[in-house]
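The values are calculated or read from the model by the stated rules, or taken from the named source; none is laboratory data. Computed from a predicted model, the values in this text were never measured in an experiment. Ideal geometry is used to build each Cβ from the backbone, glycine not excepted, and the neighbour counts take in all protein chains shown. For accessibility, only protein heavy atoms count, side chains too; no ligands or nucleic acids. Shrake-Rupley method; radii C 1.70, N 1.55, O 1.52, S 1.80 Å.
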Amino acid sequence: MTYDTVLFDFDGVIAESPAERTMLDAFRRTCDHFRRSLPEEQALREFLGGDFDAIADRCTTAGIDPDRFCAQATVETIRTQWRAVEQGARSCYADVEAVRSLTPTLGVVSDNHPTVVSLLLRRFGLARLFETVRGCPLTREGLAQRKPDPSNIESALSALDARDAVYVGDRNVDVAAATDAGIDSVLVERDAVTTTVEPTYRVDSLRELPALVE
């Protein structure tokens, strides 16, 4: 099928996903900033999973304003992920070169912070390829838009005036979000992926995309 718009997830599709230890470091430094400690394993899971209410409850118990905590966490998350790229611990995938040849309008819809996504796209020399970037700020509203919620996909489709679109992701939530947004999906299976929603297409590499979308 021919599509006029192709949207991409970022982590795990365009760039390597941040290591869990990277996000744990950001979380620890955020706690250190407030001279408080939160239970690492559970709180980090809530933090990465976008459970604002659980984080807010923990912050309130520890005497930290939740909004201030999230603002500081944003600073540390951006700083930590940028440092990982600068140190060579994280890069974009080689098969992203195939994206440069695509003729449909392109966009990015990620659960990562939009500032991180925009910075790294520029760092990798890819920013000019994408007409719009959607991400999830570390706020109550931003975290509520994490996939499988289709809100950010729908927002990107509207901004690009898309008629026939497809979303490229690497996780079950990506496929589910695309399905709920009413568009087709491509699942990039760089690793074994368990899905409860069947994608429109399955590929091993982004090099297979041109034949599918054009």
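Annotations for the structure displayed:
- Residue separation of Q42 and A98 scaled by 0.36 nm, minus their Cα-Cα distance, works out to 16.3 nm of gained length.
- Per-peptide packing, taken as the mean over residues of other Cβ atoms within 10 Å, places 108-119, 133-144 in the sequence 108-119, 133-144 from highest down.
- Simple point charges give the picture: +1 on the Cβ of Lys and Arg, -1 on the Cβ of Asp and Glu, and for the range 1-81 a dipole about the Cα centre of about 440 debye.
- When you count the other C-beta atoms within 10 angstrom of each residue and take the mean per peptide, 21-34, 69-82 line up highest first as 69-82, 21-34.
- With the simple spin-label model, which puts each label point 7 Å out from Cα in the Cβ direction, the L24 to D164 separation comes to 4.7 nm.
- For the pair T200 and R79 in one chain, pulling the backbone fully straight at 0.36 nm per residue adds 39.9 nm over the alpha carbon distance.
- Counting only Cβ charges, +1 for Lys and Arg and -1 for Asp and Glu, the dipole size of the chain around its Cα centre is about 880 debye.
- Matching label, mean projected area of the Cα convex hull in nm² computed from the structure shown, candidates (i) 15.7; (ii) 12.6; (iii) 11.3: (iii)
- When the solvent-accessible area of the chain is split by element, carbon and sulfur atoms take up 45 percent of it, the probe being 1.4 Å.
- The phi-based Karplus calculation (6.51 cos²θ - 1.76 cosθ + 1.60; θ = phi - 60°) puts the 3J(HN,Hα) values of the range 135-144 at x, 10, x, 7, 10, 4, 5, x, 5, 5 Hz, whole numbers, x for Gly and Pro.
- Sequence-separation-based contact order of the range 27-78, relative, with Cα cut under 8 Å and 6+ spacing, percent: 42 percent
- When each of the peptides 5-17, 182-194 is scored by how many other beta carbons lie within 10 Å of its residues on average, the order from highest to lowest is 5-17, 182-194.
- Solvent exposure of the chain, expressed per residue, is 47 Å² of accessible area, with all protein chains present and a 1.4 angstrom probe.
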